[in-house]
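No value in this document is a laboratory result; all are computed from the given coordinates. All values reported here derive from a predicted model rather than from experimental measurement. Here the Cβ positions follow ideal geometry from the backbone for every residue, glycine too, while neighbour counts run over all protein chains shown.
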Amino acid sequence: MARTATAAVVPEIGAPFALTGVTLDAPRPDEVVVRLVAAGLCHTDLSVRAGKLPSPFPVVLGHEGAGFVEEVGYRVTSVTPGDKVLLSFTSCGTCGNCLAGHPAYCAGFLPLNFGGARADGSGTLSGDGGPVTGPVAGHFFGQSSFATYALADERCLVKVAPDAPLDLLAPLGCGMQTGAGTVLNVLRPEIGSTLAVFGVGAVGLAAVMAAALGGPSRIVAVDVVPERLELARELGATDVVDARGGEVAAALRDLTGGAGVDYTVEASGNVGALSAAIDALALRGTCAIVGAPAFGTTVPVDVNGLLGGKRVVGVTEGDADPRRFLPLLADLVARGVFPLDKLVRHYPFVDIEKAVLATERGEVVKAVLTFD
Ligand SMILES: [Zn+2]
Ligand SMILES: [Zn+2]
């Protein structure tokens with residue numbers, strides 16, 4: 001059945017979130033209605049709101065949802081009403097990369113996650129009046145979870161244990177998966193290797209925590225905010241480099257006896273940082289690009305500098321299959337070896353603008369909205 005919800009709608013590019021009533025379309029056979037308990041705020045939400053990434057408007061964002069299954073379409077088999085679930089990105093499930101277990105590289109990733117509508121172009125939300133009436137773009141990452149209820153693709157959902165702390169685990173769906181997956185699924189650093197993370201916000205710190213599970217003997221955090229570097233140390237970084245001093249690649253060479261770093265993770269989205277992350281590579285080293293600058297951004301690369309067996313690879317969502325990977329991360333959190341709680345600060349949903357401000361000022365690493 002159609003259902004009403006309170007949603008944080010972005011009426012137009014750059015506008016603040018407006019809490020307003022929306023009506024959700026009735027679930028299709030492969031869709032699920034989720035009652036939100038919590039939703040993490042990710043930089044991608046803010047980039048879309050600011051117009052740096054493509055999206056129709058007005059739109060309901062939010063792509064780190066967590067909650068209870070309320071209603072399921074008749075073809076849904078993986079969850080039933082009452083189940084606790086985390087929400088992640090969506091994918092088609094039928095293209096070559098989806099079938100190969102790499103749904104983050106789904107051929108339909110952009111339209112399915114950023115298109116504002118289902119794959120067939122049909123809308124999922126409409127405004128109930130007040131600031132927004134008529135069609136509202138939804139289906140953001142297959143969920144649009146900045147709302148009391150979300151109409152989600154079954155493929156977004158990851159069932160978790162009945163005692164799972166949803167308000168803590170919500171950020172696993174994007175930011176934590178991205179940082180941890182880049183290390184655990186893509187780079188897979190060997191014992192005794194060296195690894196540097198550029199930009200230790202939520203994604204970068206997830207990479208640090210994942211690296212600290214084992215493997216690298218040196219984990220270097222690079223950032224311009226001293227408090228973030230301190231937090232990175234607390235979470236497992238063995239060394240820190242304050243990038244305000246410049247010469248970051250040289251500093252990393254000094255730290256590694258001149259060899260350079262085996263693995264670099266660029267999580268800041270800053271092109272200067274990316275250049276340094278490539279320059280700092282050791283022979284046969286790999287740089288993983290995770291941070292997304294504006295569409296169309298290019299970076300010059302010294303081609304001869306790469307000929308020593310070096311690789312540069314772009315990574316989306318940690319190349320994770322959420323249904324396999326999120327339960328692993330939830331287990332690491334429960335065992336206390338992936339201390340996500342050190343990153344999270346909670347805000348009531350109505351205070352979403354406060355959460356945005358604190359995030360933009362760098363006062364909070366991972367804001368998580370909570371719903372009554
Ligand atoms: Zn696909
Ligand atoms: Zn995200």
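Taking every Cα-Cα distance in region 257-371 and sorting them into 10 Å bins from zero, the calculated P(r) comes out as 12, 27, 33, 21, 6, 0 percent.
The GluC sites (Glu not before Pro) of region 187-245 meeting both criteria, a DSSP state outside H, G, I, E and B (loop) and at most 16 other C-beta atoms within 10 angstrom of the site's C-beta, are 190.
Of the trypsin sites (Lys or Arg not before Pro) found in region 1-88, those in coil by DSSP whose Cβ has at most 16 other Cβ atoms within 10 Å are 75. Lysine pair count for the chain with Cα-Cα distance under 28 Å and sequence separation of 8 or more or different chains is 11. The sum of -39500 (n - 2.57) across all DSSP H runs of n ≥ 4, divided by the residue count of the chain, sets its helix-only mean residue ellipticity at 222 nm to -6500 deg cm²/dmol.
With the alpha-carbon atoms of the chain aligned to their principal axes, the span from lowest to highest coordinate is 64, 38, 36 Å, starting with the largest. Volume of the convex hull of region 268-322 (Cα atoms only), normalised per residue: 91 Å³.
The angle between the Cα long axis of helix 202-211 and the longest principal axis of the Cα atoms of the chain comes to about 60 degrees, rounded to the nearest 10.
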